[in-house]
Each structure stands twice: as structure tokens, then as C-alpha cells.
Amino acid sequence: MGLWPFWSPIALEDAPQRAIRSALAIHREINKFSEQLKSEKRIPTIKMRIGIHTGPVIVGTLGNDLR
């Protein structure tokens with residue numbers, strides 16, 4: 001999977017799966033980072049949640065460059 005898994009405005013059939021894989025990867029890295037900070041006694045544990053919406057999305061420019 002590349003750096004940006006959702007190539008708008010091209011619809012991808014596996015976009016929900018890509019979103020889930022991305023969310024799990026982010027969650028995994030945050031947990032690693034939190035454990036590192038915890039072991040260094042720098043800050044309390046970092047906790048996070050991720051929501052994924054798989055409904056329709058409208059992609060485009062609103063307004064103009066001056067706005």
C-alpha cells in the first residue's frame with residue numbers, strides 16, 4: 001500500500017479495506033510510540049480511536065483561489 005491509499009477522485013472498490021488497514025497501521029504505530037514514551041517516563045499513555053465512514057463522498061474545489 002502506498003503513502004496515500006485513497007486516490008480521489010478515482011473510486012476504488014477496496015477503499016473500505018484500505019481505510020481499515022490504514023487505521024490499524026496508525027493505531028499500531030501510536031501504540032508503539034506510547035509505549036516508548038511510557039518507558040522513558042515522559043508522559044502518560046496515549047489512547048486513540050478511529051472512526052471510518054464508507055458512504056458517498058463528494059470531491060472537488062469549493063470557491064476559488066482567492067477564498
Based on the mean of other Cβ atoms within 10 Å per residue, sort peptides 34-42, 48-56, 15-23 so the most packed one is first.
15-23, 34-42, 48-56
Stretch gain in nm, segment Glu35-Ile58, where the contour uses 0.36 nm per residue and the Cα spacing is subtracted:
4.5 nm
Let me check I've understood the local charge: for Pro44, count other residues with C-beta under 13 angstrom from its C-beta, Lys and Arg +1, Asp and Glu -1. What total comes out?
+2
FRET efficiency estimate (nearest 0.05) - Cβ-Cβ, Ile46 to Asp14, R0 22 angstrom:
0.15
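Taken together, the values in this text are just the output of simple stated rules run on the coordinates, not laboratory data. Because the structure is predicted, anything quoted here is derived from the model rather than measured. Here Cβ is always computed from backbone atoms with ideal geometry, including for glycine, and neighbour counts include all displayed protein chains.
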